[in-house]
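The values are calculated or read from the model by the stated rules, or taken from the named source; none is laboratory data. It should be emphasised that the depicted structure is a prediction, and the values quoted were computed from it without experimental measurement. Positions of Cβ are generated from backbone atoms using ideal geometry, with glycine treated the same way; all protein chains shown enter the neighbour counts.
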Amino acid sequence: MKTSIFLLMISIFAAKAAEVVPNTSSARNNKVRYLEAGEIYNYEPLRRHRGFFERDLRTYCYKGEDRTLRRLFETVELILEIEGDDYTQYDGSSPEEVQQHYDEHRSLFSFNLFSQKRSRLPLSPFVSSCMGIETIEPYRIRLHKVRVDFWRVLQLIIGCLVFQYAGKLSHNSLFYYITGVTLGICSSFMLLIWLSSKLVPRRTMMYGVLIGGWTIGLYVIQMLWENLQVIIVTYRTYVFWYILITGVVSFFFCYRWGPPTNKRSKNIIKWLLQLMSLLLIYLSSYYEEATAAIIIITIVLHYFPRSFWYKCRALWLRKFPPKRRLLTNEEYYEQGVRETTKALEELRQFASSPNCNQWRVMSKLRDPLRFAAFVEGASHLRDEEILRFESSKDDEDDSNDSDIILDESETEEQNSYHYNKSRRSTSRCPLQDDISEDEDYNGGNAYRGGTPQNGNALRYSAATSSTSASSSSARQRARHLTPTNTVYKSTRSSVTRSANRITRREERDEFSDDG
């Protein structure tokens, strides 16, 4: 009887307390505030709000923006600055949802042991979000927006790289030990729970205790992660010894078992790494559609055969061929010098390496001492070889210039030769009176039928005509090889020297013929 009366009094007391709380929509709307990027709001409680059932609830909301690729790595964070831990936090997508959570929490049958109190609440830039704060303490709240979050960019890059090189990482022993030690440090608390569960008797009643223990463990890990910076600064000595001991123990376990050697085990590790990398890519941005597209592109690029991409590239180059640029003489010379120097250095390194059989190489060389000096750093060319090469190059240039000159003047020489020959034949057809004079002058030698019989006179006339023809031909060569008429402007000086040299040579021949 007394128990029923006590419960009745409690229910009446709760009803009276609920009536005290204002429940008008106008009062709720006055306590909702929409924040903009960079805005700071300071809250100061009033004296009349310090009653037992009148804790003040204020709701702060952020309006989402449109989804664009420009905001791919944008982050929004709601930061609460308050002294102490005497406040209650309610999250929701709208002020109505926050108010609903607040009403549920004030119910007598509400019990929330793991209530979250976060001083930094990350929000999606594209979704409307709200946070309600119930407290009697003053606080400051601000909305912080980052246009490009470099941590998210780094997360995306790491995810793509891990997915691409998951096969190589699964075969790497160093990666195996690093991953094993890291997992051992992070999951040692869960290992203690698992070892303690072995000591609990296997009864139906104890499974609930084990499930509750794992739940508490997960909650503790979450609290540790949220307060990691404070824990490291405050208890850095204990953190250091914890990391050292758990890291050494984890390394011993990894060393005892050793890296996986089975191919299927390596494939499982590869697939797990790829799944984790895809999860990193998906969580690198609040723009889920864009990250899903990046995941699809990454998978396609990794698993499609390379021949397919080669065919696509060949088709693209066929449709849009790149513009080819020829090397200049300076670039060709620089490339030759660079590649020659590189090849000589590689030869020196190979000759000095253990892979080279020096005695066998020396037995096949014509000059082993020269090769030994080259390996020690001497030049691969001698001075006389360089001089011989330069002289042969000059002679080759002169011969090329002479060929150019002869090709240009070949037609003119032939025309001049036929012209002088016709003049010579015309001048050597004398009249009958001239023949008789020549006969008297040359001791009675006569011509028969207009054909000259005196060989000396014929040779003198031919020499005279050839001298005049060669002189005119040389002058024509010199005139055609002047710098203003030749088309080989790059070798203008060499062509002029060759023309002068040929002219002097022909003049010497003429002088010798006259002599």
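Considering the range 349-362, the residues that are assigned to a helix (DSSP H, G or I) and among the polar types (S, T, N, Q) include one that is farthest from His380 (Cα to Cα), namely Gln358.
Applying the criterion of at least 1 residues that are under 30 Å from Thr246 (Cβ atoms), charged (D, E, K, R) and more than 30 Å from the chain's Cα centre (by Cα) to the strands (runs of 3 or more DSSP E) found wholly in the range 68-180 leaves 120-123. Checked across the range 237-246, the condition of being among the hydrophobic types (A, V, I, L, M, F, W, C) and within 16 Å of Leu169 (Cβ to Cβ) holds for no residue. Within the range 95-117, residues that are farther than 21 Å from Leu35 by Cα and assigned by TED's automatic domain parsing to the domain that holds Glu134 reach partners that are modelled with pLDDT of 80 or more and in a helix (DSSP H, G or I) with beta carbons closer than 9 Å, at six or more positions or on different chains, in the pairs Ser110/Glu104. Cβ separations smaller than 9 Å between residues 6+ apart or across chains give the following pairs from the range 376-399 residues that are farther than 27 Å from Glu346 by Cβ to residues that are modelled with pLDDT under 85: Asp394/Ser494; Asp397/Thr491; Asp397/Ser494; Asp398/Ser494; Asp398/Arg497; Asp398/Ser498; Asp398/Arg501. Just one residue in the set Leu315, Leu347 is at pLDDT 85 or above, farther than 30 Å from Leu301 by Cβ and among the hydrophobic types (A, V, I, L, M, F, W, C); that residue is Leu347. Of the residues making up the range 230-237, one or more are surrounded by fewer than 13 Cβ atoms within 10 Å (Cβ to Cβ) and modelled with pLDDT of 85 or more.
Each row is one residue, and each column tells you yes or no for (1) under 24 Å from the mean Cα position of the chain (by Cα); (2) not hydrophobic (A, V, I, L, M, F, W, C).
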site: Ser284; (1), (2): yes, yes
site: Thr291; (1), (2): yes, yes
site: Phe308; (1), (2): yes, no
site: Tyr332; (1), (2): no, yes
site: Glu345; (1), (2): no, yes
site: Gln349; (1), (2): no, yes
site: Asn355; (1), (2): no, yes
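Within the range 299-321, not a single residue is touching a Cys at 6+ places or on another chain (Cβ under 8 Å), among the β-branched types (Val, Ile, Thr) and surrounded by 12 or more Cβ atoms within 10 Å (Cβ to Cβ). Filtering Tyr255, Tyr207, Tyr219 for residues that are of a type outside the set (A, V, I, L, M, F, W, C), part of a helix (DSSP H, G or I) and at pLDDT 70 or above leaves a single hit, Tyr255. Of the residues making up the range 59-85, just one is surrounded by fewer than 17 Cβ atoms within 10 Å (Cβ to Cβ), in contact (Cβ under 8 Å) with a residue 40 or more places away in the chain and β-branched (Val, Ile, Thr), namely Ile79. In the range 118-129, the residues that are in the same structural domain as Glu77 (by TED's automatic domain parsing) and at positive phi form no Cβ pair under 6 Å with any partner that is assigned to a loop (DSSP other than H, G, I, E, B) and surrounded by fewer than 15 Cβ atoms within 10 Å (Cβ to Cβ), whether six or more places apart or across chains.
Rundown of residues vs (1) of a type in the set (Gly, Ala, Ser); (2) under 21 Å from Gly64 (Cβ atoms); (3) at pLDDT 90 or above; (4) touching a strand residue (DSSP E or B) at 6+ places or on another chain (Cβ under 7 Å), yes/no style:
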site: Leu113; (1), (2), (3), (4): no, no, no, no
site: Leu123; (1), (2), (3), (4): no, yes, no, yes
site: Pro138; (1), (2), (3), (4): no, no, no, yes
site: Phe150; (1), (2), (3), (4): no, no, yes, no
site: Val162; (1), (2), (3), (4): no, no, yes, no
site: Tyr165; (1), (2), (3), (4): no, no, yes, no
